[in-house]
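Student: Here it is, the structure, as structure tokens.
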Amino acid sequence: MRPMREQDSVAAYLVKAALHGIQDSPERVAAVLHQAGIDPALLEQDDARLPATAVSSFWLAMDAELNDEFFGFDSHGLPSGSFALICRALIQEPTLAKALAQCFKYLGFFIHDIRGSLELRNGQAVICLDSSMDKQALKGAAEEIYLSIVLGVMCWLIGRRIPLNRARFSTLAPSLEATPWHWGPLVEFECPRTEVSFDASYLKLPVIQDQAALRSFLRSCPQWLVVRFRNNGGIASKVFRRLRSQPSSEWPTLKELAQELRLSEQMLRRQLAREGFTYQAIKHEVRRAIAFALLSDKTISISEIAVQAGFQEPSAFHRIFRRWTGESPGQFRQRLWRD
């Protein structure tokens, strides 16, 4: 895992939602926020972000306050130490597929109001959430945190990032838009239920972690929430937005981009690597984002989408799109309109 950087931050609305269990006790709220070094005034700003280090401290403080690693979102809760027990069992599994199935089973022993399951559709692995939460205002944050826990553990188990292809949330859209490596290039809200999908081939990868790695992971596990909601001011996000703002034919080389950012080419590579990216991987993410965005526009042909997304041949676009979704662009577009 990479260490947290000073510019990492987390959306304040998630912290505000996590305080719901003690909101009737201003003294307890003040004590937890003081311990974490969080200014209460920031929680009243819809678009505010909080330092990652402070949110990590907040996570630990709330766990101690509530004896619940799920912040009291669930009617039964996740008692302190449960997460460690679950992870200790998961590293015994041979593949991600088996570990994920066990993860949902073990979480279900403790968390009753959100149930996770796995479905396979057209070459995609789809994590589905069925929620029975009474307080709809808290449902969005609870589902995001649940998914962050599951996805963070998944990535750790196989030692690599798992890019999402699509996310559908049952709740209203938050005020801040995340970059595609948070929830994938196609994000929808107010859907029948919450789902996220990724290439099913990842399920075949082996679990590579052991007891020694687990001890290190548990010391910094709050960081995984930070990783999924980290600041859009990171260097990878800046590069993503830079490429997204102009046609692919005008994208700079890595050397030209480094000069723009007043960095050496080697330093830019190093900074991107610390965030888990290469320049080529970000270009790939931008192409995905362009393709998915344009497919929702009925006036643009699939051939033109391929060109605008930076593919020299429509056939290459069709091949890689099938790897992303298990469908052709035309099939995906028809289903997108139908949904």
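Student: Which value, in debye to the nearest 20, gives the size of the charge dipole of the chain about its Cα centre, when Lys and Arg are +1 and Asp and Glu are -1 at the Cβ?
Tutor: Numbers: 41 positive and 37 negative charges, 287 e Å.
My answer is approximately 1380 debye.
Student: If one computes the Cα centroid of the range 250-266 and of the range 48-82, what distance in Å separates the two points?
Tutor: Each part reduced to its Cα centre gives a spacing of 40 Å.
Student: Using the structure shown, select from LYS255/LYS298; LYS204/LYS283; LYS16/LYS238 the pairs with a Cα to Cα distance greater than 30 angstrom.
Tutor: Pairs exceeding 30 Å: LYS255/LYS298.
Student: If each DSSP helix of 4+ residues adds -39,500 (n - 2.57) and the sum is divided by the residues in the chain, what number results at 222 nm, nearest 500 deg cm²/dmol? Working shown, then result.
Tutor: On the way: 16 runs with 172 residues, N = 339.
Per the formula, -15500 deg cm²/dmol.
Student: When only alpha-carbon atoms are used, what values of Rg and Dmax, in angstrom, describe the chain?
Tutor: 20.4, 63
Student: Can you check how the C-alpha radius of gyration of the range 1-101 compares to 2.2 N^0.38 Å, as a plain ratio?
Tutor: Values: Rg = 15.7 Å, N = 101, 2.2 N^0.38 = 12.7 Å.
It is 1.23.
FYI, it's all coordinate maths here, none of it is from the lab. Bear in mind that the values here come from a model prediction, so they are computed numbers and not experimental data. Every residue, glycine among them, receives a Cβ derived from its backbone with ideal geometry; neighbour counts consider all protein chains shown.
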